[in-house]
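First the structure, in the form of structure tokens, and then the observations on it.
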Amino acid sequence: MLTSRPRTGIPKRLLYEEKNMSNESEDISIGITGLAEWDIGQEQSGRGLTLLTNRGPIQTIIHHDPSKPSYRGVVWVGGARGGFDGPGGGLYRILGAELSPGVTSIRANYRKPNDLAECVMDTLAAVSFLSGTGHTDILLVGHSFGGAVVIKAAPFSDLVKGVVSLSSQTYGASEVADVSPRPLLLVHGENDTVLSPDSSRRILEWAREPKELKLYPGAGHRLIECSQELKELVGGWIRNHLCLTGETDS
């Protein structure tokens, strides 16, 4: 069960009960206690925002315009090593900037990379932050290990309206059927030598409708070879699932 109790606009508590990440049932809780800005450097775009929690700080980069509030958001998470930019030559950074201000993006870097339970919590903390700032329609996007993270996280919040899983692993994704009735987009490169495209094929078999799988011939794990096509696919999918008919992002 996930509960969020906002106070003065800041989400205060998440309660996440997961029974398949350890041998015994385990309650994992995380509370957002404050916010702090951080310098993202010249190579990045957006605003550096740290979510201060009782389990440690979560560094994020947020794309939004405070003068143009939005109720739509995307949480972007990386692979087993974390990071902000994602696959495809910086897909998260590029689309985060392009979608703003119509869609708020929060790119989250894990506190404990490669720890599935903790990374799911970080993702849900980002969802709760968006909820506390007025966002009601949220999509989750993850790559590789993060593909399983977003599949695992989605069923715990009714605010999550869809999931994009890129080059995903199967571990942590076996309960993908619980993502439904939210739409699921799976993407994989057919030349992925890190995680076989059979991983996404298997996840597709496990998933319920609505679901779709896009395979890119010649593309590897980081989908560099199809970066432009990937940007158009994911950007279009996000716009279609978050924007009203005929509405623009500006």
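The values are calculated or read from the model by the stated rules, or taken from the named source; none is laboratory data. All figures in this text were calculated on a predicted structure; none of them were measured in a lab. Cβ: placed from backbone, ideal geometry, glycine included. Neighbour counts: every protein chain shown.
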Can you name every residue in the stretch 84-103 that is touching a helix residue (DSSP H, G or I) at 6+ places or on another chain (Cβ under 9 Å) and closer than 20 Å to Pro57 by Cβ? Phe84, Asp85
Among the listed residues Phe84, Phe129, identify the single one that is among the aromatic types (Phe, Trp, Tyr), part of a helix (DSSP H, G or I) and more than 18 Å from Val176 (Cβ to Cβ). Phe129
Test result for Ile151, within 26 Å of Gly132 (Cα to Cα) and either in contact with a strand residue (DSSP E or B) (Cβ under 8 Å, 6 or more places away or on another chain) or at pLDDT 95 or above (or both): yes
When residues of the stretch 46-58 are limited to those that are part of a loop (DSSP other than H, G, I, E, B) and at pLDDT 95 or above, the one surrounded by the most Cβ atoms within 10 Å (Cβ to Cβ): Gly46
Condition test on Leu204, is it surrounded by fewer than 23 Cβ atoms within 10 Å (Cβ to Cβ) and touching a residue at least 24 places away in the same chain (Cβ under 8 Å)? no
So, first residue under 12 Å from Ser157 (Cβ atoms) and in contact (Cβ under 8 Å) with a residue 12 or more places away in the chain in the stretch 118-130, second residue charged (D, E, K, R) and crowded, with 24+ Cβ neighbours inside 10 Å, Cβ within less than 7 Å, six or more apart or across chains; the pairs are Val120/Lys152
I need the full set of residues from the stretch 147-200 which are among the charged types (D, E, K, R) and in a helix (DSSP H, G or I), in order please. Lys152, Asp178, Asp198
Within the stretch 192-199, is even one residue farther than 15 Å from Gly162 by Cβ, in contact with a Gly (Cβ under 7 Å, 6 or more places away or on another chain), of a type in the set (Asp, Glu) and in contact (Cβ under 8 Å) with a residue 12 or more places away in the chain? yes
Please count how many residues of the stretch 143-164 are over 17 Å from Leu242 (Cβ atoms), of a type outside the set (Phe, Trp, Tyr), buried (at least 24 other Cβ atoms within 10 Å of the Cβ) and out of contact with any Pro (no Cβ under 7 Å at 6 or more places or on another chain). 8
Residue within the stretch 234-246 that is of a type in the set (Ser, Thr, Tyr) and in a loop (DSSP other than H, G, I, E, B) present: yes
Residue count for the stretch 235-248, restricted to those that are surrounded by fewer than 20 Cβ atoms within 10 Å (Cβ to Cβ) and either modelled with pLDDT of 95 or more or within 20 Å of the chain's Cα centre (by Cα) (or both): 7
So which pairs qualify, if the first residue must be in the stretch 59-85 and modelled with pLDDT of 95 or more, the second must be of a type in the set (Phe, Trp, Tyr), the Cβ gap must be under 6 Å, and the two must be at least 6 apart or on different chains? Ile61/Phe84; Trp76/Tyr92; Gly79/Phe145; Ala80/Phe145; Gly82/Tyr110; Asp85/Tyr92
Would a scan of the stretch 221-234 turn up a residue that is hydrophobic (A, V, I, L, M, F, W, C), touching a His at 6+ places or on another chain (Cβ under 9 Å) and surrounded by fewer than 17 Cβ atoms within 10 Å (Cβ to Cβ)? no
